[in-house]
Amino acid sequence: MHALTAIDRRRFLGAIAASAIAAGASARAAPGFAAVQALIDRYVAQANVPGAVVAVVRPGRHRPLFLKAGRMAFEGDAPVDEDTLFRVYSMTKPITAMAVMQQIAAGKLGLDTPIADILPEFGAMQVLVDPARGLESRPAKTPITVRHLLTHTAGLSYSIAGNGPLEREYHRLGLLPGVPRASRTAADGPEPDLQGFVTRLASLPLHAEPGTLWRYSVALDLAGGLLERLTGKPFAAVLDSQLFGPLGMANAGFSVAPENLPRLATNYAWSTADQKPLARPVVIDGPARTDWLGPQRLPAGGAGLLVSARDYARFAQMLLDEGRFEGRAVLPRETAQLAMSNLLPEGVFFDKTQGFGAGGRSTLFDTRARPDGTPAGSYGWGGAAGTIFQVDRVRGLALVVMVQFMPSQRFSLGKEFQTALNTDLGRGPGTALTSA
């Protein structure tokens, strides 16, 4: 990683002390979720993050509970709140996926519609013979379907999925949705617009035969291009009209306006570009220099959204209430239920034992015998900067956790959060939340 701003040691240590004071104050204001509040207070006091916001929603009327701790940046004094803007990275995926499910509900698509019906560039795909050795390929036996895009079983890959021949081609062609510009190199190709992304991606072979395995990929970024082609509208406008407008998500989007920069949380890296741990974090992106200022050339359906806890809580409420929000149907109930169920092709699993719904994990087995477990049927996903999203219809709540640190594996927030939540719910230990 290069061109990053190091945090001044004195200010960093000062932030720890100030955060500890703020943590103690906020811990007294979290009735019903004391363990969750204590967890985010501790993350702030230990300077893992400058600040954190958690949203909790229950079924029915939208009356979210917000738990908060700390500030928007180690270097500043402005506190985080429910309107602070966070980079949610892969928590963009469930939003894009639900926009696709709305088109399915409208009869414009089917789960098993070949995407070549809308994107003819994908009509004659090739599959790598040996992904580890080179780009030699053979004709695909199975067409990529909408189901495959929603569940990461399309055979696509990610620039972040390794350094094989195919991933190097993703870099060469600039197929890097969600990768911070500070992390890119001179060898990476120029960023395309969304339809350019579709065309370049279609020119490459697939990592695997569609429908045969789960591989994390740019599938939901491609789904954004599919929605754009299907509707004839810019992808951002599709999300505005189908989800953000109906749900009142007034500040969700792919960019930040200059007047809203003071509300943008700072994102930090805890490792170098070659993944060596850092003793203190460095700034990746913040109000003084952000990749999200102004219109985006590539609105990334898998990684590109800025969202506040207030706005993501509205999306979470809609899914918890199986498609309804404040009495209005945003998604038909049966479609919402389907979207959060296991949509993987037969015989395919995520992480060996789990299912996958539209853009997020769908838990197949009740794991509440573990301190960090969840009931079967839980749906959700996380983001590369540590954010977490979960819908738990069995226990009747949905949750959003907003923080900003990379990589998300630097701290075990997912497991710790689930354990704290289970403590607060008092219903016994309850799969750890996934961040990606």
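Values for this structure:
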{"item": "Gyration tensor over alpha-carbon atoms, segment 115-266, equivalent ellipsoid semi-axes in Å", "result": "29, 20, 13"}
{"item": "Cross-link pairs Lys93/Lys276; Lys68/Lys352; Lys93/Lys141; Lys93/Lys415; Lys141/Lys233; Lys93/Lys352 - those with Cα-Cα distance over 24 Å", "result": "Lys93/Lys276; Lys68/Lys352; Lys93/Lys141; Lys141/Lys233"}
{"item": "Ascending count of other beta-carbon atoms within 10 Å, so fewest first, for Phe33, Phe197, Phe86", "result": "Phe33, Phe197, Phe86"}
{"item": "Shape of segment 187-303, Cα gyration tensor, a/c cut at 1.5", "result": "oblate"}
{"item": "Theoretical FRET efficiency, 1/(1+(r/R0)^6), r = Cβ-Cβ of Ala34 and Glu209, R0 51 Å, to 0.05", "result": "0.55"}
{"item": "Tensor-based shape of segment 295-436 (alpha-carbon gyration tensor, a/c under 1.5 rounded, otherwise prolate or oblate)", "result": "rounded"}
{"item": "Simple label model, 7 Å out from Cα along Cβ direction - Lys352 to Leu278, nm", "result": "3.3"}
{"item": "Distance (nanometres) between label positions extended 7 Å along Cα→Cβ at Asp112 and Ala161", "result": "2.4"}
{"item": "Which of Glu322, Glu259 has the fewest Cβ neighbours within 10 Å, and the rest in rising order", "result": "Glu259, Glu322"}
{"item": "Extension gain from Arg328 to Asp81, taking 0.36 nm per residue of separation minus the Cα-Cα distance", "result": "86.2 nm"}
{"item": "Global geometry of segment 87-416, whether rounded, prolate or oblate, following the gyration tensor of its Cα atoms and the 1.5 cut on a/c", "result": "rounded"}
{"item": "Estimated FRET transfer efficiency (Ala186, Arg61; beta-carbon r; R0 60 Å; 0.05)", "result": "0.70"}
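Values in this text are rule-based calculations from the coordinates and carry no lab data. Predicted, not measured: the structure shown is a model, and the values here were computed from it. Methodologically, a virtual Cβ is constructed for each residue, glycine included, from the backbone with ideal geometry; neighbour enumeration extends over all protein chains shown.
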